[in-house]
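Worksheet for the structure shown next.
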Amino acid sequence: MEKNENGGCLPDIDLADFNHLVSLDDRGAVAFDGFMRNLAEKLTASLPDEENPLKKYRIGFYLQDRPDKSPARISSSEYRSDPADLSGRDFVVMFNREKLAAIESEDELAFILGHELSHLSWQHGDDRVRALSSNEEAACDLNAMKLLFDAGYDATVVSTMDREVPLTEEWRLRKDARRQAMNAFFDFRRPQPLDQTPWRESRYEKWRPDFKVPSAETPEDEAVAVMVGNLQKVYVRGGGDDFQQVLKDCVSARGSEAGSRFFLRLAAAAAEKFPPIDQEGKSGAGYRARLRHPISVLGNALPAVAAMPGKKLFPPEACAKINAYFKQNPDYYRTMKVFWDKMLPEGGALGANVFGRGGR
């Protein structure tokens, strides 16, 4: 988890996998997260802790530059084959900047946010929210209106929202439910103006880690230490694809012999520094943490290193450490054996012949 300058927490996600998100390094994006977090706290202040999504889950708020019919979407920060799967406890709410620019009041934005947060309550079995309607979208609309009213906003703004949406049967039912709720439960309140100045000038830039890149002339020990530092950044925040390109460039610049020796020494250093990769799948950290694990990232770069023409060097000490690491992590080794064996011939990474070879 990261702390932004407003004191809010952002889920530990791999930004490289969420396309079109405005970088967290952008001050406007940080201001937006702080604003939305304060708005979410205001909306949910009347809820008991056991029903409050901010108390039960970790949620980050992001600006997103991409064409979309919806002003906002909520998604798990973990990898999901089904984007609608909201299991787990780490989530991101992504706001479409084009749609956001058309919002005229804080009340409208509060309704959109309340609707997305209500999806968490619905999918995690909140009886109160599910009792509002048998349709998830309609129930989230009605719960969002209730959150608006309790927080002092004008819930009647929903009557003028979504005018451009084609009036399908589903939308007709949703709008009828909104209208009935307004007539039954809510009085009229004056909308509060929405000031979007802090994030209006933010622009999308693909997020990239701030890697240090050793040159071909950098002493090997120093280069290994620099790249281990880069792997630490990948392990914490992601960006494995970017790291692999940096690694391939470093290995290529050193040539087949020195490059292969450098790669294996780096793998041995990573094996010593980072937790066993087999534990990642058992610790509850999830699929995303396993993908970010330095040994997994290095394994993905193996084919390019093994394909380099010329002689390869196999430093015995490094190979011994890799050998011991794979014996301690057999689940990972089974899935990646074919790749590591291409890099370490004559019996594979666990073969005694490999680790007896010379090559300093």
FRET efficiency, 1/(1 + (r/R0)^6) with R0 45 Å, evaluated for S46 and K212 via beta carbons:
0.40
Subset of K248/K273; K212/K248; K42/K233; K233/K327 violating a 23 Å alpha-carbon distance limit:
K42/K233; K233/K327
R0 of 25 Å, Cβ-Cβ distance R203-D82: FRET efficiency to nearest 0.05
0.20
Show the residues, 5+ positions off or on another chain, whose built amide H is closer than 5 Å to the amide H of A72.
N96
Tabulate in residue order the Karplus-calculated ³J(HN,Hα) for region 232-238, using 6.51 cos²θ - 1.76 cosθ + 1.60 with θ = phi - 60°, rounded to whole Hz; enter x for Gly and Pro.
4, 5, 4, 4, 8, 10, x
Sequence order, region 56-64: Karplus ³J(HN,Hα) from phi using 6.51 cos²θ - 1.76 cosθ + 1.60, θ = phi - 60°, Hz rounded, Gly and Pro as x, gives 9, 9, 9, 10, x, 10, 10, 7, 9
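Rule-based calculations on the coordinates, nothing more; no lab input. Everything numeric in this text was worked out from a predicted model, so none of it was measured. Positions of Cβ are generated from backbone atoms using ideal geometry, with glycine treated the same way; all protein chains shown enter the neighbour counts.
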